[in-house]
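Below: the structure, in structure tokens.
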2 protein chains.
Amino acid sequence: MTRIVIHEVGLRDGLQMEREVVPLEIKEGWIRQAVTSGVDIIQVGSFVHPVKVPQMADTDELFRRLRRDKTSSVVLSGLVLNERGLERGLECGVEMFCLGASASETHSMKNTGMSSSEATRRIIGSAQQALAAGKKVQVSVQSAFGCGFEGPIAEERVLTMVAAYLEAGLRNISLADTAGHAFPDQVERLFAAVFKLDPSVEITCHFHNTYGLGMANILTALRSGVSLFETSFAGLGGCPFTRVAAGNVATEDFVHALQLQGQRQDVDLAQLITLARDVAKYFDRDMPGCVHKTGPLHRVGQETGQKKETE
Amino acid sequence: MTRIVIHEVGLRDGLQMEREVVPLEIKEGWIRQAVTSGVDIIQVGSFVHPVKVPQMADTDELFRRLRRDKTSSVVLSGLVLNERGLERGLECGVEMFCLGASASETHSMKNTGMSSSEATRRIIGSAQQALAAGKKVQVSVQSAFGCGFEGPIAEERVLTMVAAYLEAGLRNISLADTAGHAFPDQVERLFAAVFKLDPSVEITCHFHNTYGLGMANILTALRSGVSLFETSFAGLGGCPFTRVAAGNVATEDFVHALQLQGQRQDVDLAQLITLARDVAKYFDRDMPGCVHKTGPLHRVGQETGQKKETE
């Protein structure tokens, strides 16, 4: 069985949706907690214009700080949308570059000001530069399961983008359900089609829980042979440039589900729950995740903060 | 393919968890909305002692009112835990009797004051009486996937109860995840074992979303050949006699997921969403369901009340 890889994207996909700019020291603390938990990859932030997304203005500085005393084997990733972002990422020590283009024309225009094919072409160029610089690289198809503006996205458009990535030598490919439109039958179908294109492709998935299907979709992806998963602490998240966004699948809920099935027992779930609770406390509101509220299943009855028995 | 049957249990499993006693007229209005939506079975309430569960004190009267002018083919069900409940149910016109015993000794004692085997024995007696009276009957195994007090429940205990029900001629059997401990691999395994006992058994499932796995579990059950599903409007619910309870899978979210996959297009999802919104408005708090907040997927962009685009 392939090893399941967990990519924590709360720092990026989660925080970009928040009105509030989280101070660098707080972010750094959260990242260090995530490192301790034993997740495999942590997305530190994105390299976008600080005026457009002020929540991500300190991404470069965060990378510098984290790289300074780094001892763990965790991979620190950064999201890059254009050439300027790539430059910044190369300067500050990004270890894994995540780049993406949208399969939806409308989403692509709103998110990047470029058509889908133009964005794909430019992303491929940047991704190849990052590869040439010896970096890990992941390229994604955003809105791969549907678009909040356009509705359904033809499977063929997604497969065309995947084929273009593969042809360009980019083998770690993420299908992102940006708007949360995916449903399990579709997930199974689309991943089967991608593996048919190339059975050895490294596929990552990324699901939002807009319609309550996030966990069902991610577990379907797991069953379909996908082994890399992007999730967010406490279930934070959402794309600011789509409609009706909702959070990602919560990292601690996903790890909890995996551990119930006997997988990834090496991840420190208690640490992930503490992180999610810290995040919930910081924002002082109810978060979408479940397990940071209930405590993990095997400790029911001993968890502090659980609901009182109503009898 | 077997027809998927939807059993709305929000009026019982949902309301029993609420501090507030919902007035009879409000309940009646919600039931009539559910009838209009085209779900197949509606659980009107339970027959328990009005002092113990005052939220259910008007169950008899509700049945009488609903039966008076009933024209639809919807089946009106009632939950019965003992002989007195059966008597009351037979008097007021219950069409389908739901009876159950817990696979967990501790849960059984707390819920009924009887051991699991004693409760099972008595339930079987009542169920046979209801059958003899020409009624539809469903018998359930509560805490079939784990217990908030005892933790894991041996599959064998569940199968022993199922075998006892089958032997007694009771063929509609529900496995209830009272505490929300189920996970997809377990769901698949347990239902496979039940179908092995008797491939023609009519199996109902009932999942709570305590750890974020409710929808994943219900869709796994569907894939495993289960065709009867108990869900609650807006995702209300929880057993007052277990620990760390959470709501059921939301009826409108489940129907939404089914319709995305091309199933049960005959159910009026808009009506279910209106009902969930009315329920949320009545309780004036955030409800666990998703789709009544976002609107259904195929109408994204035209829904009123959706989140504003953040761009």
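Structure notes:
- Placed amide H near B:Ser140: partners under 5 Å, 5+ positions off or other chain: B:Leu99, B:Gly100, B:Ala101, B:Ser174
- For the protein assembly as shown, the antiparallel share of DSSP beta bridges with both residues in that region comes to about 5%.
- One residue of chain B places its C-beta nearer than any other to the axis carrying B onto A; that residue and its whole-Å distance are B:Ala216, 2.
- Helix A:269-283 vs. chain A, principal-axis angle (Cα, 0 to 90°, nearest 10): 80
- Relative contact order for the range B:100-206, counting Cα pairs under 8 Å that sit 6 or more residues apart, in percent: 27
- Proximity of backbone amide H atoms, modeled 1.01 Å from N, is registered between B:Val226 and no other residue at under 5 Å, excluding neighbours fewer than 5 places apart on the same chain.
- Between 0 and 90 degrees, the angle of helix B:24-37 with respect to the longest Cα principal axis of chain B falls at about 80 degrees.
- Per-residue average of Cβ from other chains inside 10 Å of A:284-295: 3
- Shielding by partners, peptide B:252-262 (average Cβ within 10 angstrom, other chains): 3
- For B:Arg189, inter-copy label distances in nm, listed shortest first [label point 7 Å out on the Cα-Cβ vector]: 3.2
- Charged-residue dipole, Cβ positions (Lys, Arg, Asp, Glu), the range A:5-299 about Cα centre, Debye nearest 20: 220
- FRET efficiency, A:Val75 to A:Arg121 (Cβ-Cβ, R0 25 Å, nearest 0.05): 0.40
- Among A:Ala250, A:Gly89, A:Ala168 the positive-end extreme of the charge dipole of the range A:5-299 (Cβ point charges): A:Gly89
- Length-normalised contact order of chain B in % [C-alpha pairs under 8 Å, at least 6 apart]: 17
- GNM top mover of A:Asn82, A:Asn209, A:Asn217 - chain A, alpha-carbon springs below 10 Å: A:Asn82
- Neighbour-count order for B:Glu155, A:Glu105, B:Glu20, fewest beta carbons within 10 angstrom listed first: B:Glu20, B:Glu155, A:Glu105
- If the convex hull is drawn through the Cα atoms of the range B:5-299, its volume per residue in Å³: 117
- Angle between chain A longest axis and helix A:184-197 axis [Cα atoms, degrees, rounded to 10]: 40
- Projecting label points 7 angstrom from Cα along Cα→Cβ for A:Val51 and A:Gln265 puts them 5.5 nm apart.
- Antiparallel %, DSSP beta bridges [both residues in the range A:5-299], to 5: 5
- For chain A, calculated [θ]222 nm from helices alone, where every DSSP H run of n ≥ 4 adds -39500 (n - 2.57): -12500 deg cm²/dmol
- For A:Ser77, A:Ser116, B:Ser227, order by how many other beta-carbon atoms lie within 10 Å, fewest first: B:Ser227, A:Ser116, A:Ser77
- Radius of gyration and maximum dimension Dmax of the protein assembly as shown, Cα, Å: 25.2, 79
- Taking other residues whose beta carbon is less than 9 angstrom from the beta carbon of A:Leu66, and scoring Lys, Arg as +1 and Asp, Glu as -1, yields +4.
- Relative packing of peptides B:267-274, A:7-14 - highest average C-beta neighbours within 10 Å first: A:7-14, B:267-274
- Per residue, the average separation of C-alpha pairs within less than 8 Å and at least 6 apart gives the range A:1-85 a relative contact order of 34 percent.
- Ranked list, fewest to most other Cβ atoms within 10 Å of each Cβ, for B:Ser72, A:Ser115, A:Ser73: A:Ser73, B:Ser72, A:Ser115
- Sorted shortest first, the separations between the B:Lys70 label point and its copies elsewhere in the assembly read 6.6 nm; each point sits 7 Å from Cα along the Cα-to-Cβ line.
- Hz values of 3J(HN,Hα) by residue in the range B:167-182 - Karplus curve (6.51, -1.76, 1.60), Gly and Pro given as x: 4, 7, x, 9, 10, 9, 10, 10, 9, 10, 8, 3, 9, x, 8, 5
- Legend: mean number of C-beta atoms from other chains within 10 angstrom of residue C-beta atoms, peptide B:206-219, equals 6.
- Using a cut-off of 26 Å between Cα atoms, the listed pairs A:Lys136/A:Lys293; B:Lys27/B:Lys135; A:Lys293/B:Lys52; A:Lys281/B:Lys52; B:Lys110/B:Lys135 include A:Lys136/A:Lys293; A:Lys293/B:Lys52; A:Lys281/B:Lys52; B:Lys110/B:Lys135 as exceeding that distance.
- Per-copy distances of the A:Ala133 label point, shortest first, in nm (7 angstrom along Cα→Cβ): 7.6
Laboratory data are not the source of any read-out in this text; all were calculated from the coordinates shown. Only a predicted model underlies this, so the values are computations on that prediction, with no experimental measurement involved. Don't worry about glycine lacking a Cβ; one is built from the backbone with ideal geometry, like all the others, and counts go over all protein chains shown.
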